[in-house]
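Chemist: Pasting a structure here, questions to come.
Bear in mind these aren't lab numbers, they're just calculated from the coordinates by the rules spelled out. Computed from a predicted model, the values in this text were never measured in an experiment. No Cβ is skipped: glycine too gets one built from the backbone with ideal geometry, and neighbour counts run over all protein chains shown.
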């Protein structure tokens with residue numbers, strides 16, 4: 001029974017308790033259900049803080065490992081294998097941190113079928129945390145694929161007018177990639193005799209030409225999730241139609257599952273293929289950065305603008321990861337967190353204005369600064385953070401990534417960093433354009449005059465995010481410290497393996 | 001054979017003897033049960049199946065042959081026996097109230113069901129071509145009648161006559177194949193045929209022709225493309241509880257025979273038949289899934305989905321000639337048969353709950369709003385649909401995972417790719433049911449019956465619990481596989 005009390009099992013499965021409680025609450029007791037869900041997610045966050053306390057940043061290896069034989073018959077070697085290291089701890093924290101915030105944001109936005117909503121939301125949390133913690137490919141796949149189901153319902157039931165289309169598109173698109181990964185997982189399981197990622201890495205016995213195929217199969221799943229250009233077309237639909245809390249989690253955490261997958265599986269298990277394909281991934285990443293930024297600028301719908309900006313920001317993350325050096329990968333991981341915070345905050349803000357006006361068309365607004373000063377200031381901070389203004393979190397991540405890409409031996413060309421830097425400028429263009437459209441100028445629409453500023457609950461949802469924006473921007477070293485040891489080890493192992501694998 | 005020999009042999013196959021005898025006696029007993037008390041017949045039939053199941057469980061570990069090697073009692077036959085008996089029990093649970101509601105409550109229903117089950121059990125034990133033919137007829141003929149049980153409803157009668165004509169045709173293929181194999185080898189026993197092949201006395205060309213004809217006959221039974229034409233009409237026209245049973249039972253029988261025949265006797269023909277099975281599996285998965293997309297009627301949709309599922313199981317048999325992975329090939333097929341049975345019954349239990357007289361309540365649009373009004377029923381249907389698609393953590397996922405594993409292990413990566421891509425296609429139509437239930441408004445009406453609800457709940461919970469704790473099932477399937485071959 002020891003494994004049940006392991007912090008990692010607890011942090012993953014604690015929401016299950018909340019689900020069970022909610023199941024037995026009458027569906028009319030909406031407030032009770034909301035509180036139970038919120039408390040569950042807060043306790044889960046508490047457990048993740050406990051994990052952080054137990055975590056030793058100086059240790060580059062996996063910690064708090066649980067390894068229980070699960071399905072071991074006829075050559076199957078499947079274990080309940082979980083562990084945490086510098087690459088995953090921040091993402092786990094991000095997930096457990098964003099979940100209560102998202103639940104709080106639904107307090108008045110979700111009035112229908114609250115019971116189901118909260119159940120699906122907590123189910124989603126289990127899936128996401130499980131993805132970041134599981135180290136057995138079979139277990140990982142279960143969590144990975146399982147996240148589709150609650151998200152599908154969140155978009156499909158509580159989404160906008162075109163929600164069914166968006167939900168199905170989201171499901172099928174993501175599943176298409178996952179299935180190719182499933183075959184690669186099977187192949188690995190058969191040829192390596194185990195599904196355990198650390199063991200496969202330790203064996204290091206995958207020939208380079210096969211690594212290439214396996215890399216591509218895993219990349220199919222992750223690239224769709226990230227999403228990398230040109231596989232991004234599900235994202236605007238899903239984001240625009242999803243309810244606010246869904247968008248926050250989708251942008252904040254689900255997309256990170258893709259980038260995390262590249263980091264944990266592609267880079268670690270297929271080092272020589274990673275080195276070989278890095279320039280190609282970087283090309284796609286840079287295209288994504290610039291394309292995402294340009295398309296963002298063309299949007300009239302604020303939510304769509306933020307959605308496309310994700311394509312651009314995640315391009316930075318991918319560029320950093322595939323620079324395959326310390327700065328690049330560290331910047332990439334930090335940028336995942338930054339994007340989760342900033343874009344999550346932007347979606348929350350968009351959700352607040354949508355709740356008031358039931359439109360997200362930029363032309364419908366203008367001069368809101370005068371009507372909603374608190375809202376305006378917070379939006380400004382978040383916008384600047386997303387743009388990468390020095391002193392705020394976005395800058396730290398993007399700058400580190402650009403440094404990494406610039407000095408990368410693998411990419412071996414300054415052009416990637418140079419072109420990506422254009423993306424930073426473009427981000428300033430579209431974000432400031434949005435800000436100006438919404439907040440500056442005169443209040444020229446009658447409906448906007450009587451808009452209420454943020455209420456206490458809304459401010460409570462935003463404050464933690466704003467604190468983190470400043471914290472990471474001004475003093476990022478605690479965050480880098482957490483990942484440093486693991487990333488250093490990863491980079492070294494890739495270099496060793498790639499040397500050995502390539503002629 | 002003396003009387004003593006006969007009784008010794010009958011005891012060796014005790015579960016089968018019980019089911020046949022019980023069915024015969026029940027036929028007589030039923031005459032004395034008044035028309036409005038047919039629940040007794042149902043209960044008696046269920047008790048008979050439970051007793052047989054108990055004796056079958058008692059045979060764990062037995063590995064013997066009966067009737068001079070014509071029947072084989074081993075882990076494989078025990079696995080399938082328990083599977084069909086379990087399916088029979090669920091079928092009784094689904095049927096009783098449904099038949100009353102449709103005004104077709106007649107005692108012979110349960111007797112026919114038991115006869116059909118005895119045919120499936122016989123098939124699981126068959127080690128001789130003659131017995132295989134006998135078993136096929138024994139399982140099919142009651143099914144033909146059951147398909148037309150809702151007479152005088154024309155679509156039920158149409159379904160029965162279609163099933164009968166095409167089924168008889170398929171049996172013809174099979175029996176002709178058996179005759180040719182006898183000509184090619186001089187034997188009808190599976191092991192004797194193998195011996196004749198090994199010692200070179202068999203005419204391999206003729207043997208291949210015979211095997212091809214048998215494959216045609218059995219592909220009919222399991223509804224594999226291109227021998228699937230009957231499936232949608234028969235599934236739609238037959239009473240739903242019969243369809244639910246038929247979908248599982250006929251597949252179990254067909255695949256049991258395919259596995260026994262091809263793996264025991266025809267390993268030498270693997271070079272010729274692997275590409276054929278490859279083609280059948282690929283075509284079945286593609287056609288079943290693609291055509292299911294355009295179905296509006298839930299019974300037709302499930303019919304095409306069952307065709308597709310047959311393709312997935314067929315996929316496991318493609319590497320049947322590779323001795324070293326034989327355990328995985330059979331075990332994955334067996335496991336998927338169980339998974340298929342569980343998710344199939346869950347879906348049909350919900351269909352039966354929503355079905356109304358005159359074939360109403362069967363359109364997908366009749367499911368609109370189910371999620372709001374009947375959350376438990378909708379949840380069970382959702383889990384079943386996700387399980388069919390192969391989404392974790394359901395039994396369907398574990399089943400598919402193991403199937404794909406056997407295929408990849410056998411070196412047929414492209415077939416596995418076709419398999420996963422068609423799974424993706426299937427997600428589209430399975431999810432559509434979910435869309436109707438949760439994302440559209442409607443006023444569905446449900447007929448409540450405790451037994452149907454119990455069946456739905458048990459299979460619904462089973463899909464998830466067995467999906468997570470699949471080890472015992474996997475173990476059992478694997479033991480069954482290696483004990484037999």
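Chemist: Would you kindly calculate the mean projected area, averaged across all directions, of the convex hull enclosing the Cα atoms of the stretch B:83-152, in square nanometres?
Modeler: Result: 4.6 nm².
Chemist: Additional query: When the Kirkwood radius is taken over all Cα pairs of the stretch B:244-312, what Stokes-Einstein diffusion coefficient follows at 4 °C and 1.567 mPa s, in µm²/s?
Modeler: It comes out at roughly 98 µm²/s.
Chemist: Peptide B:322-334: average number of partner chain Cβ atoms within 10 Å per residue?
Modeler: Per-residue shielding by partner chains comes out at 1.
Chemist: Using only alpha carbons, build the gyration tensor for the stretch B:158-301 and give me the equivalent ellipsoid semi-axes, biggest first, whole Å.
Modeler: For the stretch B:158-301, the ellipsoid semi-axes come out as 32, 16, 12 Å.
Chemist: Give me the three principal axis extents of the stretch B:124-234 from the C-alpha atoms, as integers in angstrom, largest value leading.
Modeler: 56, 25, 18
Chemist: Could you check the spin-label model distance between residue A:452 and residue B:14? Points 7 Å from the Cα along Cα→Cβ, value in nm.
Modeler: Between residue A:452 and residue B:14, the label points sit 7.5 nm apart.
Chemist: Let me ask something else. Where does each of B:293, B:435 land when they are ranked from fewest to most other beta-carbon atoms within 10 angstrom?
Modeler: Arranged by neighbour count, lowest to highest, B:293, B:435 become B:293, B:435.
Chemist: Counting just the Cα atoms, what span does the stretch A:416-478 cover along each of its three principal axes? Round to the nearest Å and put the largest first.
Modeler: Result, largest extent first: 47, 29, 13 Å.
Chemist: Taking one equal scatterer on every alpha-carbon of the stretch B:379-485, how large is log10 of I(q)/I(0) by Debye at q = 0.14, 0.18 1/Å?
Modeler: The Cα Debye sum returns log10 ratios of -0.71, -1.01.
Chemist: Sort B:455-468, B:52-65 for me by packing, meaning the mean count of neighbouring Cβ atoms within 10 Å per residue, highest on top.
Modeler: B:455-468, B:52-65
Chemist: Taking Rh as the Kirkwood radius, which is the inverse of the mean 1/r over Cα pairs, what is the Rg/Rh value for the stretch B:302-402? Mind showing how you got there, number by number?
Modeler: Values: Rg = 16.2 Å, Rh = 14.9 Å.
In the stretch B:302-402, Rg relative to Rh is 1.08.
Chemist: Which whole-number percent is the relative contact order of the stretch A:273-503 (Cα, under 8 Å, 6+ apart)?
Modeler: Worked out over the stretch A:273-503, it gives 27 percent.
Chemist: How big is the equivalent ellipsoid of the protein assembly as shown along its three axes, where each semi-axis is √(5λ) from the Cα gyration tensor, reported in whole Å from largest to smallest?
Modeler: Largest first, the protein assembly as shown gives 56, 33, 23 Å.
Chemist: So for A:272, A:310, fewest C-beta neighbours within 10 Å to most, what's the order?
Modeler: Details: A:272 22, A:310 28.
Sorted ascending by nearby Cβ count, the order is A:272, A:310.
Chemist: Hey, another quick one. Taking only the alpha carbons of the stretch A:119-234, what extent do you get along each of the three principal axes, in Å, biggest first?
Modeler: 51, 31, 18
Chemist: Would you kindly calculate the mean projected area, averaged across all directions, of the convex hull enclosing the Cα atoms of the stretch A:53-210, in square nanometres? It would help to have the intermediate numbers written out before the result.
Modeler: Working: hull surface 47.3 nm².
Directional mean of the projected Cα hull area for the stretch A:53-210 stands at 11.8 nm².
Chemist: What are the radius of gyration and Dmax of the stretch B:82-122, computed over its Cα atoms and given in Å?
Modeler: 10.7, 33
Chemist: In percent, how large is the relative contact order of chain B, given Cα pairs closer than 8 Å and 6 or more residues apart?
Modeler: Working: 844 pairs, mean separation 71.2, N = 485.
About 15 percent, as a whole number.
Chemist: Okay, moving on. Quick one: what Rg and Dmax do you get for the stretch A:86-146 from the alpha carbons, in Å?
Modeler: 13.3, 40
Chemist: Additional query: Diagonalise the Cα gyration tensor of chain A and give the resulting equivalent ellipsoid semi-axes, square root of 5 times each eigenvalue, largest first, whole Å.
Modeler: Here the semi-axes work out to 35, 27, 20 Å.
Chemist: Continuing with this model, one more query. What FRET efficiency, computed as 1/(1 + (r/R0)^6) with R0 = 41 Å and r the Cβ-Cβ distance, is obtained for residue A:377 and residue A:418, rounded to the nearest 0.05?
Modeler: Result of the calculation: an efficiency of 0.75.
Chemist: Give me the inter-chain shielding for A:136-147: mean count of other chain Cβ atoms within 10 Å, whole number please. Before the final figure, lay out the partial values.
Modeler: Working: counts 0, 0, 3, 2, 0, 3, 9, 2, 1, 7, 6, 0.
Taking all residues of A:136-147 together, the mean is 3.
Chemist: Here's something else I'd like to know. What relative contact order, as a whole-number percentage, does the stretch A:19-143 give when Cα pairs under 8 Å and 6 or more residues apart are counted?
Modeler: 32
Chemist: In deg cm²/dmol and to the nearest 500, what is the mean residue ellipticity at 222 nm of the protein assembly as shown if only DSSP H runs of at least 4 residues count, each as -39500 (n - 2.57), divided by the residue total?
Modeler: Mean residue ellipticity at 222 nm (helix-derived): -24500 deg cm²/dmol.
Chemist: Also: Percent of alpha carbon pairs in the stretch A:1-125 separated by more than 26 Å? It would help to have the intermediate numbers written out before the result.
Modeler: Working: 2509 of 7750 pairs.
More than 26 Å apart: 32 percent of the Cα pairs in the stretch A:1-125.
Chemist: On to the next question. Quote the Stokes-Einstein diffusion coefficient, in whole µm² s⁻¹, for the stretch B:287-485, based on the Kirkwood radius over alpha carbon pairs, a temperature of 4 °C and a viscosity of 1.567 mPa s.
Modeler: The estimated diffusion coefficient comes to 75 µm²/s.
Chemist: Right, here's the next one. Whole Å is fine, so just give me how far the alpha carbon centre of the stretch B:437-485 lies from that of the stretch A:304-365.
Modeler: 41
Chemist: Convex hull over the Cα atoms of chain B, averaged projected area in nm²?
Modeler: On the way: hull surface 83.3 nm².
Average projection, Cα convex hull of chain B: 20.8 nm².
Chemist: Also, I was wondering about something else. Return, for the Cα atoms of the stretch A:138-203, the radius of gyration and Dmax in Å, separated by a comma.
Modeler: Computed over the Cα atoms of the stretch A:138-203, radius of gyration and Dmax are 15.7, 51 Å.
Chemist: Further, regarding this structure: Partner chain Cβ atoms within 10 Å, averaged over the residues of A:69-80 - can you pull that number for me?
Modeler: Partner Cβ neighbours, averaged per residue: 5.
Chemist: Please work out the Cα center distance from the stretch B:138-168 to the stretch B:254-332, rounded to the nearest Å.
Modeler: First find each Cα centre; the distance between them is then 25 Å.
Chemist: Now for a different question. When every alpha-carbon pair in the stretch B:248-376 is counted, what percent end up more than 19 Å apart?
Modeler: 57
Chemist: What is the packing order of peptides B:125-135, B:94-104, A:336-346, taking the mean over residues of other C-beta atoms within 10 Å and listing the highest first? Show your work: numbers first, answer last.
Modeler: Numbers: B:125-135: 23.2, B:94-104: 19.8, A:336-346: 27.7.
For the peptides B:125-135, B:94-104, A:336-346, the packing ranking is A:336-346, B:125-135, B:94-104.
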